[in-house]
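A short worksheet on the structure shown next.
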Amino acid sequence: MNKQFTKRRQEVMRMMGGGVAIIPTASERSRSRDVLYPFRASSDFYYLTHFNEP
């Protein structure tokens, strides 16, 4: 993974100390009754993690 994303995550963990973070990403969205739009992580979540899976 890109070192920039690793650095961002390490900075968040440093600021949290011994805390726990729950960072939600986007939810699935319906296009029609049985078809979903392709998943897209929220921009903030992607900026922090570089992870684009539901």
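Bear in mind these aren't lab numbers, they're just calculated from the coordinates by the rules spelled out. Just so it is clear, the structure is predicted and the values come from calculations on it, not from any experiment.
Assorted remarks:
- Mean residue ellipticity (222 nm) of the chain, computed from DSSP H runs ≥ 4 via -39,500 (n - 2.57), nearest 500: -11500 deg cm²/dmol
- Estimated translational D of the chain in µm²/s (Stokes, Kirkwood radius over Cα pairs; 4 °C; 1.567 mPa s): 101 µm²/s
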